[in-house]
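Here's the structure we're looking at; comments come further down.
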Amino acid sequence: MQLRHRCLVLLIALVLLFGGVAAPAVAQTVVESPFTDVSADDEHAEHFAILNALQIFEGYGDGRVGPGDPLNRAAFSKVVVAMLGLTDQVDARADQVPDFEDRESIATWAWGWISTAHHLGIIRGYPDGRFGPDDSVRLDEAVTMLVRALGYEAFVDGQWPLGHLQLAERIGLLTSVPSDPRRELTREEMAELTRRAMLVHQADADTGQPDESRSVLMDAFRYSGHLAALTREDMTLESDAYGDMRIRLAPRVTLRGAPSLEALRGVEVEVYLNLNDEVALVLPMEPVELEEAETGEMYVHFIDVGQGDAILIETDNVTILIDGGVRSAGEIVVQYLVQRGIRELDLVIGTHPHADHIGGLIEVLRSFKVYSVIDAGVPHTTITFDDYLTEIEKQVAAGHCSYETPQGQVVTAGALTLTVLGPGRDLGSLNDNSVVARVDFGRTSFLFTGDAERAAEEHLLSLGVNLGADVLKVGHHGSRTSTTSAFLQAVSPAHAVIQVGEGNRYGHPNEEVLQRLVSAGVSIYRTDRHGTVVFASDGETLTVDASPWDDTASELEPDPPVTGRININTASFEQLQEIVHIGPERAEDIIRLRPFRSLDGLTAVTGIGAGRLQDIKDQGIAYVE
């Protein structure tokens, strides 16, 4: 069944505003654009026409609107106040402009709009005391102002701007949380965003008050019936009034009186839709009696892929893969999954773009149906990364897969909860921008850190999030740049797993890190010594299929010194990778940047700082000539 269109009231208003003969209901409504640079068939023409007709936004004085142009803060103040229908307050507040540091630079026409928006708590000045009337409005700022204008800020759960963006998605103001919320808002984006805000505002007027948990309730948004079928993407509702309806599920569905949608199969329910025609809220209309569910078991496989990470998490409800090792390890990972009887993956996490983490995911994405991908959202200039993105795009284009960057996601399946803890903001290096995730299963917990180094660890500590875990996946293969004493103390693991290749050229794991773990009484498992390591949890206790690594003196003896000399100005791509800390990407950088006058010039290579430079010098095989 085709659901009723949300814009019916506004479309009728539009016909009245622009005149003409009303077309039959089955005909397509064509809106004449009020601006010379927006054609009638432009997807934003209707938005601009309504905003212009209601005198919310008039564009430039020459008949243009500049759809791709940015919008400044003064103009957006007018848009929001006019959208709320508070134009009558503007003149009275024109002489009440707050004492901003740059007050004199605010155009006279904007005084009343800015002071009204400021008085209502919608828009504020910068911490340095300026208002910045001519500054371009960012997307996250615009969403925040509209959330405040609609009266929803009390419902924000989380830090700015993520909390505001997630709430905007739940009420239908956004279709999804954007991956780049700090970019400038264009005028056409403003028009669509304001149009959505108008619909939310109208819906709240009908219900009497804002309530994000009801996701914009209106009678036109509500359907009732028995939940007959359920997939990952949609539900089928058997309704006496409408027959069978297949309705797409919103990214986050609010449930009342039931632990999961699955528990509501066959139950009479009311469903409420958001502005995207997606189920946002489900209310059971009869008591739901549930037996106490058993926790079941969770298996966490630290797959031996040599020098790289690949981690499989399995429960009765969900399969998650974190990283896939280097490209050549992809087949190993695929075969491992197949042997486990896995045919599809609920979630794939690519912690960061380095080849030893996402390389193997290329083959995984080619071989399995994947329902969701989360990665660091950080670009990289390698063929491996391009191929990885290509495979994700194919999965998304097929219509079953979502692709997100880390925004504090929480994935719940039965007794398992996966929480993305970081990075939360750009920390500079690819390693420090690794996705960090915590998995809780009953009373047991794991912390997965990718290649996060000191800066990322310090950032996580500053957030005050719960880092405590039974099992720590040691960051960056046991490099000395990770697993600082403060971080290790906060995690306080009983077990630690180091995914590392035997005899690797990087000297991983670092002896200091091993000693730090040993001193803390942590049981250590290493894929270069144990092969694949598998933990099992019943929600109360953990078991592991290997004995801890024995920290004998012989194990801690450093590898014998490497002999030979490599001139970094003439060495081949393969020879350069014999140098500690130099992998394929850094070898490419060295070839691109050379000639070098001294080894100190290697600090120009991404990821090589003073510590790694000293490691290279201590290794004794690199020189400049």
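Here are the numbers for the structure shown:
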{"read-out": "Hz values of 3J(HN,Hα) by residue in region 362-375 - Karplus curve (6.51, -1.76, 1.60), Gly and Pro given as x", "value": "4, 5, 4, 5, 6, 9, 10, 6, 10, 8, 7, 10, 10, 9"}
{"read-out": "For A228, residues with placed amide H under 5 Å, excluding near neighbours", "value": "T236, L237, E238, G266"}
{"read-out": "From phi via Karplus (6.51, -1.76, 1.60), per-residue ³J(HN,Hα) for region 504-517 in Hz, x at Gly/Pro", "value": "5, 7, 8, x, 7, x, 5, 4, 5, 5, 4, 5, 5, 5"}
{"read-out": "Stretch gain in nm, segment T381-R340, where the contour uses 0.36 nm per residue and the Cα spacing is subtracted", "value": "11.4 nm"}
{"read-out": "Accessible area in square angstrom per residue, region 269-406, 1.4 angstrom probe", "value": "40 Å²"}
{"read-out": "Long-range HN-HN contacts of D316 with modeled amide H, under 5 Å", "value": "E297"}
{"read-out": "Under Karplus coefficients 6.51, -1.76 and 1.60, residue-wise ³J(HN,Hα) of region 153-161 in Hz, glycine/proline x", "value": "4, 5, 8, 5, 10, x, 6, 6, x"}
{"read-out": "Euclidean distance of C-alpha centroids, region 157-176 and region 590-621, integer Å", "value": "44 Å"}
{"read-out": "Inter-label distance for W160 and K394, nm, one decimal - labels placed 7 Å from Cα along Cα-to-Cβ", "value": "4.4 nm"}
{"read-out": "Column: log10 I(q)/I(0), Debye, Cα scatterers of region 65-191, q = 0.14, 0.16, 0.20 Å⁻¹", "value": "-0.60, -0.79, -1.20"}
{"read-out": "Spin-label model distance (nm) - R183 vs T419, 7 Å beyond Cα toward Cβ", "value": "3.1 nm"}
{"read-out": "12 Å beta-carbon shell around A413, net charge (K/R +1, D/E -1)", "value": "-4"}
{"read-out": "Label point at E104 placed 7 Å out along Cα→Cβ; residues across region 123-139 whose backbone nitrogen lies under 18 Å", "value": "129-134"}
{"read-out": "Accessible surface of region 329-484, 1.4 Å probe, proportion on carbon and sulfur as whole %", "value": "49 percent"}
{"read-out": "For L185, distant residues with modelled amide H under 5 Å away", "value": "L71, V137, R138, L139"}
{"read-out": "C-alpha center-to-center spacing [region 46-95, region 384-431] in angstrom", "value": "37 Å"}
{"read-out": "S492/S402 FRET efficiency (R0 41 Å; Cβ-Cβ; nearest 0.05)", "value": "0.75"}
{"read-out": "At R0 = 51 Å, FRET efficiency that the Cβ-Cβ distance of S176 and R594 yields, to 0.05", "value": "0.70"}
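The values are calculated or read from the model by the stated rules, or taken from the named source; none is laboratory data. Computed from a prediction, not measured in an experiment: that's the story for all the values here. Counting neighbours? That spans all protein chains shown, and the Cβs are built from the backbone with ideal geometry, glycine included. SASA here: full protein model, heavy atoms, side chains in, ligands and nucleic acids out. Shrake-Rupley method; radii C 1.70, N 1.55, O 1.52, S 1.80 Å.
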